[in-house]
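Trainee: One structure, as structure tokens, below. Some questions next.
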Amino acid sequence: MPGGILLKNGRVLDPANGIDQVRDVLIVEGRIRAVAQPGSLSGQDGLVYDVTGKWVVPGLIDMHVHLREPGQEYKETIETGTRAAAAGGFTAVAAMPNTKPVNDNQAVTVFILAKAAEAGLARVYPVGAISSGSSGEHLAEFGELRQAGAVAVTDDGLPVGNSQLMRRALEYAGNHDLLVISHAEDLSLSQSGAMNDGPLATRLGLRGIPHVAEEIMVYRDLALAEFTGRPIHIAHVSTRESLALIRRAKEKGVAVTAETAPHYFTLTETAVDGYNTLAKMNPPLRTEADVAAVREALRDGTLDAIATDHAPHGELDKDREFDLAANGIIGLETAVPLTLQLVRENRLDARRMVELLSVNPARILGVPGGTLSVGAMADIAVIDPEKKFVFTEESIQSKSRNSPFLGWQLQGKAVLTIMAGRITWQESFSS
């Protein structure tokens, strides 16, 4: 549009530039032209939005999603997944490689990028597999993956059980400027488990997954990162001892970053009581003490990012015996209100929330974004922190509906999402 977009009177939260003030933001030709005092900019003949009372933040970046395409399009497609992302305020997502076929080669990476460009709803950063077929036996061709557009490697969904292979992955990935993401799980401890190990699992007659299944592998991967001198990122951290290990590693100078997901600071294992498969995930929901530790780690910097681990499944994948039901939940459309709850409870401030959901993911992945600097690509989310809504199946933009938050009244929502100066999602509000 010739005159671009003018966002007036919004609370501009731009931690990268130290800004937390009411400002106007002008977007022209896909880039941020100006950030200035209210009333000092003209929208000319473009679109003008009065965003009084709303937050204007760098577009959110989810560094851990499953888009299912290619191979499981009945669960999600790149188009539906990125539409859900845009509805949640995300302008970019990192797509895990456990597709069918596994993204362990150039052809799958190029396919994902082409589908994302065709949809045009969010940037998609492919993450390649550490091992061929995610089999844990031989390293994938990291150079080929990087050249095709991958930004990281992981066998997410499966751990790399062979320590020598993980060591080589760290060394090899460093040579190709790829981040290694660890799915920390000792399968000999977790295999056949369905929920957190403890009294509730015993009462329900379900085999438990002990917290040490995660912590043992976190320890190993931190040790390998220290030994090789290479950076590592720990995915979906769920236990207090994992967090203690990461905290100590950071104090020692190990190049480690870590993420958690909103369900790990919102829900406990009690959500699965009654055999609720919508709350079944891996790692499983943990205890109140673990939830408290995750919240503190978000505040004190032990955790660097909030990622959704968006994992869509078809109805029949979940509507079955608890032991056999698929792990995972969708999360792109609930991340903002669930994280805002921490802000309302004074566990986080607004600046820290933006760091966790935008600034830090961009830095960790080494991708553009996380800033509202003049001249930067106009990837922006406008969030109404007061907007209340009931999360219903009818409102979901994802192709799947597997969420434990169905029927919850939530507060806080992205009402306008802009990628490269184009509106990719808009809720009704005065403009």
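FYI, it's all coordinate maths here, none of it is from the lab. On a predicted model such as this, the values are computed, not experimentally measured, just so you know. Here the Cβ is made from the backbone with ideal geometry for all residues, glycine too, and neighbour counts use every protein chain on show.
Trainee: crowded, with 16+ Cβ neighbours inside 10 Å, touching a Pro at 6+ places or on another chain (Cβ under 9 Å) and of a type in the set (V, I, T), is that true of V153? Outline the logic, then answer.
Mentor: Values: crowded, with 16+ Cβ neighbours inside 10 Å: yes; touching a Pro at 6+ places or on another chain (Cβ under 9 Å): yes; of a type in the set (V, I, T): yes.
Yes, satisfied.
Trainee: Let me ask something else. Looking at the stretch 90-114, which of its residues are part of a loop (DSSP other than H, G, I, E, B), touching an Asp or Glu at 6+ places or on another chain (Cβ under 9 Å) and not acidic (D, E)? Don't jump to the end; show me each part of the working.
Mentor: So the first thing to find is which residues in the stretch 90-114 are part of a loop (DSSP other than H, G, I, E, B), and the list is 96-105.
Checking which are touching an Asp or Glu at 6+ places or on another chain (Cβ under 9 Å) leaves us with 96-99, 102, 104-105.
Residues satisfying the conditions are M96, P97, N98, T99, V102, N105.
Trainee: Considering the stretch 138-152 alone, what residues qualify as being in a helix (DSSP H, G or I), among the small types (G, A, S) and closer than 30 Å to I418 by Cβ? Working first, answer last.
Mentor: Going residue by residue through the stretch 138-152, those that are in a helix (DSSP H, G or I) are 142-148.
Pick out the ones that are also among the small types (G, A, S) and you get 143, 148.
Within the stretch 138-152, just A148 meets the criteria.
Trainee: Please find, within the stretch 48-89, the residue that is farthest from M281 (Cα to Cα) out of those that are in a strand (DSSP E or B) and over 12 Å from the mean Cα position of the chain (by Cα).
Mentor: Of the stretch 48-89, the ones in a strand (DSSP E or B) are 48-50, 55-58, 60-65.
Going one step further and asking which of them are over 12 Å from the mean Cα position of the chain (by Cα), we end up with 48-50, 55-58.
On the way: V48: 43, Y49: 40, D50: 40, W55: 32, V56: 33, V57: 30, P58: 30 Å.
Out of the qualifying residues, it is V48.
Trainee: From the list T228, T239, pick out the single residue that is crowded, with 19+ Cβ neighbours inside 10 Å, over 26 Å from G331 (Cβ atoms), in contact (Cβ under 8 Å) with a residue 24 or more places away in the chain and β-branched (V, I, T). Give the derivation first.
Mentor: Numbers: T239 fails: over 26 Å from G331 (Cβ atoms).
Residue meeting the stated conditions: T228.
Trainee: Next question, about the same structure. Quick one: R167 ticks every box in (1) under 16 Å from M63 (Cβ atoms); (2) touching a helix residue (DSSP H, G or I) at 6+ places or on another chain (Cβ under 7 Å); (3) in contact (Cβ under 8 Å) with a residue 60 or more places away in the chain except a single one, so which number is it?
Mentor: (1)
Trainee: For the stretch 43-50, state whether one or more residues are surrounded by fewer than 24 Cβ atoms within 10 Å (Cβ to Cβ), of a type in the set (G, A, S) and in contact with a helix residue (DSSP H, G or I) (Cβ under 7 Å, 6 or more places away or on another chain).
Mentor: No: the stretch 43-50 contains no residue that is surrounded by fewer than 24 Cβ atoms within 10 Å (Cβ to Cβ), of a type in the set (G, A, S) and in contact with a helix residue (DSSP H, G or I) (Cβ under 7 Å, 6 or more places away or on another chain).
Trainee: Further, regarding this structure: Only one of (1) surrounded by 22 or more Cβ atoms within 10 Å (Cβ to Cβ); (2) in contact with a helix residue (DSSP H, G or I) (Cβ under 8 Å, 6 or more places away or on another chain) fails for H313. Which number is that?
Mentor: Checking H313 against (1) surrounded by 22 or more Cβ atoms within 10 Å (Cβ to Cβ); (2) in contact with a helix residue (DSSP H, G or I) (Cβ under 8 Å, 6 or more places away or on another chain), the one that fails is (2).
Trainee: Here are the criteria: (1) touching a residue at least 40 places away in the same chain (Cβ under 8 Å); (2) surrounded by fewer than 19 Cβ atoms within 10 Å (Cβ to Cβ); (3) within 17 Å of N282 (Cβ to Cβ); (4) of a type outside the set (A, V, I, L, M, F, W, C). Tell me which single one P210 does not satisfy.
Mentor: Only one criterion is unmet by P210, namely (1).
Trainee: Looking at the stretch 162-172 only, could you name the residues that are over 15 Å from S132 (Cβ atoms) and either outside any helix (DSSP H, G or I) or touching a strand residue (DSSP E or B) at 6+ places or on another chain (Cβ under 6 Å) (or both)?
Mentor: L170
Trainee: Checking R286 against (1) more than 14 Å from the chain's Cα centre (by Cα); (2) surrounded by fewer than 24 Cβ atoms within 10 Å (Cβ to Cβ): exactly one of these is not met. Which one?
Mentor: Tallying (1) more than 14 Å from the chain's Cα centre (by Cα); (2) surrounded by fewer than 24 Cβ atoms within 10 Å (Cβ to Cβ), R286 fails exactly one: (2).
Trainee: Say whether the condition of being touching a strand residue (DSSP E or B) at 6+ places or on another chain (Cβ under 9 Å) and in a helix (DSSP H, G or I) is met by at least one residue in the stretch 121-137. Let's see the steps before the verdict.
Mentor: Going through the stretch 121-137, the residues touching a strand residue (DSSP E or B) at 6+ places or on another chain (Cβ under 9 Å) turn out to be 121-132, 137.
If we keep only those that are in a helix (DSSP H, G or I) as well, we get 132.
Scanning the stretch 121-137, I find at least one residue that is touching a strand residue (DSSP E or B) at 6+ places or on another chain (Cβ under 9 Å) and in a helix (DSSP H, G or I), so the answer is yes.
Trainee: Just checking, how many residues over the stretch 2-34 are in a strand (DSSP E or B), out of contact with any Phe, Trp or Tyr (no Cβ under 9 Å at 6 or more places or on another chain) and buried (at least 20 other Cβ atoms within 10 Å of the Cβ)? Reasoning before the result, please.
Mentor: Restricting attention to the stretch 2-34, the residues satisfying the condition of being in a strand (DSSP E or B) are 5-14, 19-28, 31-34.
Pick out the ones that are also out of contact with any Phe, Trp or Tyr (no Cβ under 9 Å at 6 or more places or on another chain) and you get 9, 14, 19-28, 31-34.
Cutting the leftovers down to buried (at least 20 other Cβ atoms within 10 Å of the Cβ) gives us 14, 23-27, 32.
Final tally of qualifying residues: 7.
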